[in-house]
Amino acid sequence: MKRSTLIFISVFCLAFFAGASSLVNASLIDVNCTDDGDGAIVMGTPAWTDQGTYYDVNVAGIQYDYPAHVLGDFTTDTELDPTVWLVESVENQTDFAWTDYHIDIGMNKTFTITGVIVPLDWTYIITPPTSGQPLPGDPSPGTGWVGYVDYYIGTGDAIGIGESGDFGLKFSFTGTVAFCTEQIPTPEPTTAVLLSLGGLALLRRRKK
């Protein structure tokens with residue numbers, strides 16, 4: 001059973017209609033987001049809605065490998081703080097079922113993470129952003145504010161190959177920012193053991 005047909009990875013794209021007004025503190029007027037081109041994740045065309053007090057942003061993509069990186073930026077009309085729901089429904093096209101999913105998100109300005117969306121009966125841990133951290137997936141590399149959201153299977157089901165799970169986070173930031181993410185799924189324990197054994201067998205063959 002597929003929990004979702006696409007991966008909305010909560011990274012964001014927006015085009016604000018001329019003359020439209022919003023109740024959020026700052027209006028998002030442009031967002032750029034792209035994968036880093038290594039094929040671990042392939043991003044599609046983003047979609048967004050202005051909900052009045054926050055923005056809902058979805059961008060479609062499929063994850064084939066890990067770690068997967070997304071780079072981009074948000075442009076706002078003022079230096080005030082918009083709130084964005086970053087929603088992911090991640091399609092698993094790796095070669096193993098997922099029981100954990102980990103998102104590291106970095107920005108070049110301070111930001112907060114105030115909420116999450118998880119697959120049914122999964123759990124999560126939020127680590128608030130701190131400054132002076134290496135930005136995930138930044139080719140520079142640079143430092144900035146980095147926070148973490150770790151999702152765990154809890155009493156729910158693993159996300160099998162070809163299935164999707166809903167992941168997301170709610171955050172606020174101040175003014176125009178650059179962002180980057182690193183996204184890493186974790187296999188079921190049994191699968192992890194098999195993958196490890198397969199790696200050892202391959203290593204032995206190479207040594208012969």
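Details
- Reducing region 98-143 and region 47-67 to their Cα centroids gives an inter-centroid distance of 15 Å.
- For region 28-207, convex hull of alpha carbons as volume per residue, Å³: 128
- Diffusion constant of region 83-126 at 10 °C, which comes from Stokes-Einstein with the Kirkwood Cα-pair radius and 1.306 mPa s, µm²/s: 122
- Counting every C-alpha pair in region 28-129, the share spaced more than 24 angstrom apart comes to 27%.
- Per-pair calculated FRET efficiency, R0 = 25 Å: Thr143 and Thr34 via Cβ, rounded to 0.05: 0.70
- Rounded FRET efficiency, nearest 0.05, which uses the C-beta distance separating Thr49 from Ile161 and R0 of 41 Å: 0.85
- Summing charges over all other residues whose Cβ lies under 13 Å from the Cβ of Thr186, with Lys and Arg as +1 and Asp and Glu as -1, gives -3.
- Fully extending the segment from Thr127 to Asp73, taken as 0.36 nm per residue of separation minus the present Cα-Cα distance, adds 17.3 nm.
All of the numbers you see were taken from the coordinates with simple rules; none came from a lab. Since the structure is predicted, the reported quantities are computational estimates derived from the model, not experimental observations. FYI the Cβ positions are ideal-geometry reconstructions off the backbone, even for glycines, and counts take in every protein chain you see.
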